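Structure first, then comments.
The values are calculated or read from the model by the stated rules, or taken from the named source; none is laboratory data. Note that the coordinates shown come from a computational prediction; the quantities given were computed from them, not determined experimentally. No Cβ is skipped: glycine too gets one built from the backbone with ideal geometry, and neighbour counts run over all protein chains shown.
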Amino acid sequence: MGVLEGIGVIAPFPFYYWLWNHPQTWVDLCGKNNEPSKLMAYVSHLLKLIQFLSLFSVSSISWQWPPLYFWPLFLAGQFLNFRVYQLLGEAGTYYGVRFGKNIPWVTEFPFGYVKDPQYVGSILSLLACLSWVPFQYILLWCLGYVFMIYVESNEDPTTRAKPLS
């Protein structure tokens, strides 16, 4: 496994870990005139680009029709991701509750049916790419999601940021 590519694949997870465990520091860093969830989204998109470039650099994309398992896994994964974002919005998806926002509890599908639907969707989408990307990179990225599932399952409300005014 290439070291730089491996680092690129896991790049977002230390950021997410830090934000989850120390949200007030992010809110303070963002300042009063900036929305913490929006800035987290910008940084996350940049880190996601680094992840994709890392995978692309080790992939063997051919212009053949993808294997049969690709479309069901990829579409199911993207549906879950889209649905989570649709229901939670930017603030709900990007740790708004940790940054002091009041985010309503959602019970519509996939919530209540699929545990951690955004991460499950992302993992399904990654597994769909196994015919093009070496297994160890997919595994590393999936382990990052499993790690964040574990981290986020242990929320300490006392570490939440002060409510935004």
Selection status of Glu152, in a helix (DSSP H, G or I), of a type in the set (D, E, K, R) and within 30 Å of Pro23 (Cα to Cα): yes
Single match in Leu47, Leu19, Leu73, Leu55 (criterion: modelled with pLDDT under 95, within 24 Å of Leu143 (Cβ to Cβ), surrounded by 15 or more Cβ atoms within 10 Å (Cβ to Cβ) and not acidic (Asp, Glu)): Leu55
Check on Gln24, modelled with pLDDT of 95 or more, polar (S, T, N, Q) and under 16 Å from the mean Cα position of the chain (by Cα): no
Criterion: of a type outside the set (Val, Ile, Thr), in a helix (DSSP H, G or I), at pLDDT 95 or above and more than 19 Å from Ala11 (Cβ to Cβ) - qualifying residue of Leu124, Leu140: Leu124
Any chance Gln78 is in contact (Cβ under 8 Å) with a residue 60 or more places away in the chain and either of a type outside the set (A, V, I, L, M) or assigned to a helix (DSSP H, G or I) (or both): no
The stretch 85-102 residues that are assigned to a loop (DSSP other than H, G, I, E, B) and buried (at least 16 other Cβ atoms within 10 Å of the Cβ), paired with ones that are of a type in the set (Asp, Glu) and modelled with pLDDT of 95 or more (beta carbon under 8 Å, 6 or more apart): Gly96/Glu90
Given (1) surrounded by fewer than 13 Cβ atoms within 10 Å (Cβ to Cβ); (2) at pLDDT 95 or above, number of the condition Leu80 does not satisfy: (1)
Residue count, the stretch 105-121 (criterion: of a type in the set (Gly, Ala, Ser), without any contact (Cβ under 8 Å) to a residue 40 or more places away in the chain and not in a loop (DSSP other than H, G, I, E, B)): 0
Qualifying residue in the stretch 147-164 (condition: touching a residue at least 24 places away in the same chain (Cβ under 8 Å), in contact with a Pro (Cβ under 9 Å, 6 or more places away or on another chain) and polar (S, T, N, Q)): yes
Number of the condition not met by Pro67 [criteria: (1) farther than 23 Å from Phe147 by Cβ; (2) surrounded by 18 or more Cβ atoms within 10 Å (Cβ to Cβ); (3) in contact with a Ser or Thr (Cβ under 9 Å, 6 or more places away or on another chain)]: (2)
Count of residues meeting criterion [among the aromatic types (Phe, Trp, Tyr) and exposed (fewer than 13 other Cβ atoms within 10 Å of the Cβ)] in the stretch 22-35: 0
Every pair of residues 6+ apart whose Cβ atoms lie under 8 Å, when the first sits in the stretch 1-28 and is of a type in the set (S, T, N, Q) while the second is in a helix (DSSP H, G or I): Asn21/Val151; Asn21/Thr159; Gln24/Thr159; Thr25/Trp18
